[in-house]
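Take a look at the structure set out below.
The values are calculated or read from the model by the stated rules, or taken from the named source; none is laboratory data. Fair warning: this is a prediction, and the values are worked out from it, not measured in the lab. Ideal geometry is used to build each Cβ from the backbone, glycine not excepted, and the neighbour counts take in all protein chains shown. Just so you know, the surface numbers come from the protein's heavy atoms only, side chains and all, with ligands and any DNA or RNA stripped out. Shrake-Rupley method; radii C 1.70, N 1.55, O 1.52, S 1.80 Å.
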Amino acid sequence: MTTHFDDLETRSADQRAADQLAALNALLPSHGIDPLNDLSDLATLPVLRKSDLSQRQKNKPPFGGLPVSNLAHVFQSPGPIYEPGGVSRDWWRMGRFLHAAGFGTTDIVQNCFGYHLTPAGMIFENGARTVGAVVLPAGTGQTELQVQAAHDLGVTAYAGTPDYLKVILEKADEMGVTLGIVKAAVSGGALFPSLRDWYADRGISCLQCYATADVGHIAYETPAMEGMVIDEGVIVEIVTPGTGDPVAMGEVGEVLVTSLNADYPLVRFATGDLSAMMPGQSPCGRTNGRIKGWMGRADQTTKIKGMFVRPEQVAALVAKHAEIDRARIVASRDGEMDVMTVRIETRSQDSAPFETSIVEMLKLKGRVELVPPGALPRDGLVIEDVRVYD
């Protein structure tokens, strides 16, 4: 097995940017958007949120008027949101991750991702076929039968959620059956260090990737185990939640993904997940940028005094006042009463104009705390709920 999946993984930053800009500009006309002069201009385009996509699909089913071609499957996610799927080589780009995880032509993969309505099963099957592996389409449940099949077929690799492999292995122990699984590619849940160590103690190498039903594969771990390398078929931005404004390197923010899949190109799709860019390159030799992995949810919508407060409202407050660098809502309690404190980074000493805008934008009165620029944490939170209910 070669070290890298293809030459794209070791491109220079300048070559990657030029290639991605050309690919993006070839796709933008299908969205009615003029070509860009530079990848940084992507930040000027609107953000597409799941709620927007759901509403667009209701207004113009099934895909909301977005460009779709070479359709082979249609999947349904909660909302509902309908996602198109293709069957051409590495349509979801999962082969790149599976190659990094050591999957190849000598492997039989027990694919325990679901095949019912949602696309995860097909996403990983498409990737496994790309690297030449044989697939057992197992899905979830019927664990005794899964153990029997893994034993009888000589399964060597697992694909599924991080925890279900442990269920299979413990059931095998209970049945007195020895399995030959030595590698695992997981997603869709938290891979805790203790669980990864548990697998390692049994001789199983376990790597994880970050993917969504809407855009497919986004980023992946490599054997270097330093963050997640961004997939070559997407452009990833990290922005302040509720906005499309990029944050500084290393700051936590919401993950936006632009997919360069010509069959279903999504532009600045908001995943609703938090992460942060990492400086430098991976020791594995792949030259693309890296993210730290999943760091929480960006949709921090919180109910305070019976009213929903959303990140978009906080962004509107900041946008209204040039003297505000950033703002953060803190929801707390005073006895049995909700309290909203608005912490504002500013050099201004006068909170009165901000208090008026807070009522206008947030529909609530709250305490205002002025802090100097740089005082608020760069952890991706724009709404922090510190209320305790016990």
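5 Å is the cut-off here: which amide hydrogens, built 1.01 Å from N in the peptide plane, fall below it relative to residue 83, excluding neighbours closer than 5 in sequence?
Residues meeting the amide H criterion: 75, 76, 77.
Angle, helix 311-320 long axis vs. longest principal axis of the chain, Cα atoms, 0 to 90°, nearest 10?
40
Hand me the tally of lysine pairs in the chain: alpha carbons under 30 angstrom apart, and the pair either on different chains or 8 or more positions apart.
23
Highest mean first, what order results for 82-91, 50-59 on Cβ atoms within 10 Å? Don't skip to the end; give the middle numbers.
On the way: 82-91: 18.1, 50-59: 15.1.
Top of the packing list down: 82-91, 50-59.
If I model a spin label as a point 7 Å beyond the Cα along the Cα-Cβ vector, how far apart are those points for residue 341 and residue 303 in nm?
So the label points at residue 341 and residue 303 sit 2.4 nm apart.
Note down the accessible area of residue 252, probe 1.4 Å, to the nearest 10 Å².
Solvent-accessible area, nearest 10 Å²: 20 Å².
What does DSSP give for segment 50-158 in terms of the percent of beta bridges that are antiparallel, rounded to the nearest 5? It would help to have the intermediate numbers written out before the result.
Details: 5 of 11 bridges.
Antiparallel: roughly 45 percent of the beta bridges in segment 50-158.
Separation between the residue 355 and residue 251 pseudo-spin-labels, each 7 Å from Cα along Cα→Cβ, expressed in nm?
2.8
How large is ³J(HN,Hα) for each residue in segment 102-113, as worked out from phi by the Karplus curve 6.51 cos²θ - 1.76 cosθ + 1.60 (θ = phi - 60°), to whole Hz, x for Gly and Pro?
x, 6, x, 5, 8, 9, 10, 9, 7, 8, 9, 7
Report, for the chain, the % of DSSP beta bridges that are antiparallel, rounded to 5.
On the way: 41 of 65 bridges.
Looking only at bridges with both residues in the chain, the antiparallel portion is about 65 percent.
What FRET efficiency comes out for residue 153 versus residue 197 if R0 is 35 angstrom and r is the Cβ-Cβ distance? Round to the nearest 0.05. Spell out each step's value before the answer.
On the way: r = 27 Å, r/R0 = 0.78.
Here the calculated transfer efficiency is 0.80.
List the residues whose amide H sits under 5 Å from the amide H of residue 369, counting only those 5 or more places along or on another chain, with H placed 1.01 Å from N in the peptide plane.
Here the answer is 342, 343, 344, since their amide H atoms fall under 5 Å of that of residue 369.
For segment 273-384, just say rounded, prolate or oblate: build the C-alpha gyration tensor, square-root its eigenvalues into a ≥ b ≥ c, call rounded for a/c under 1.5, and beyond that prolate if a/b exceeds b/c, oblate if not. Write down the numbers at each step before the final one.
Details: a/c = 2.69, a/b = 1.79, b/c = 1.51.
Cα axes put segment 273-384 in the prolate bin.
Would you work out which of 236, 256, 302 lies farthest towards the positive end of the dipole of the chain, given +1 charges on the beta-carbon of Lys and Arg and -1 on that of Asp and Glu, about the Cα centre?
Checked the options; the winner is 302.
List, in order, the whole-Hz ³J(HN,Hα) value for each residue of segment 231-243 obtained from phi through the Karplus relation with A = 6.51, B = -1.76, C = 1.60 and θ = phi - 60°; use x for Gly and Pro.
4, 6, x, 9, 10, 10, 10, 10, 10, 5, x, x, 9
Please work out the FRET efficiency for the pair residue 171 and residue 76, using the Cβ-Cβ distance as r and a Förster radius of 35 Å; give the result to the nearest 0.05.
Efficiency at R0 = 35 Å is approximately 0.70.
Using a cut-off of under 20 Å, list every residue of segment 250-270 whose amide N is near the label point 7 Å from the Cα of residue 69 along the Cα-to-beta-carbon line.
Correct set: 258-268.
Go ahead and estimate [θ] at 222 nm for the chain from helices alone: -39,500 (n - 2.57) per DSSP H run with n ≥ 4, summed, over the residue count, rounded to 500. Each step should come with its number before you reach the end.
On the way: 9 runs with 95 residues, N = 390.
Result for the chain, helices only: -7500 deg cm²/dmol.
Calculate, for segment 246-288, the solvent-accessible area per residue in square angstrom, rolling a 1.4 angstrom probe over the heavy atoms of the protein chains. Don't skip to the answer; put the middle values down first.
Details: 1160 Å² over 43 residues.
Value for segment 246-288: 27 Å² per residue.
Any chance you could run the full-extension gain for residue 117 through residue 348? It's 0.36 nm times the residue separation minus the Cα-Cα distance, nm to one decimal. Could you put the intermediate results ahead of the total?
Values: separation 231, 0.36 × 231 = 83.16 nm, distance 5.32 nm.
Full extension from residue 117 to residue 348 adds 77.8 nm.
For segment 125-200, what relative contact order do you get, as a whole percent, if you take Cα pairs closer than 8 Å and at least 6 residues apart?
Details: 70 pairs, mean separation 23.5, N = 76.
Reported as a whole number, the value is 31 percent.
Would you work out the charge dipole size for segment 208-355 about its Cα centre, treating the Cβ of every Lys and Arg as +1 and the Cβ of every Asp and Glu as -1, and quote it to the nearest 20 debye?
Working: 14 positive and 21 negative charges, 36 e Å.
Here segment 208-355 has a charge dipole of around 180 debye.
Rounded to the nearest 0.05, what FRET efficiency is calculated for residue 34 and residue 334 with R0 set to 51 Å and r the Cβ-Cβ distance? Before the final figure, lay out the partial values.
Working: r = 52 Å, r/R0 = 1.02.
For R0 = 51 Å, the calculated efficiency reads 0.45.
Using a basic spin-label model with each label point 7 Å from the Cα along Cα→Cβ, how many nm lie between residue 60 and residue 17?
Between residue 60 and residue 17, the label points sit 3.3 nm apart.
Counting only protein heavy atoms, what percent of the accessible surface of segment 255-372 is carbon or sulfur at a 1.4 Å probe? Can you show the working numbers first?
Values: 2690 of 5220 Å².
C and S fraction of accessible area: 52 percent.
Which residue, 84, 20, 69, has the largest displacement toward the positive end of the dipole of segment 1-101 when charges sit on each Cβ (Lys, Arg +1; Asp, Glu -1)?
84
Once you compute Rg and the Kirkwood Rh from C-alpha atoms, what is the Rg to Rh ratio for segment 1-156?
Details: Rg = 19.1 Å, Rh = 18.4 Å.
Rounded to two decimals, Rg over Rh is 1.04.
Can you tell me the order of 115-123, 333-341, 315-323 when each peptide is scored by its average per-residue count of other Cβ atoms within 10 angstrom, highest first? The partial results should precede the final answer.
On the way: 115-123: 19.6, 333-341: 11.8, 315-323: 15.6.
Result, highest mean first: 115-123, 315-323, 333-341.
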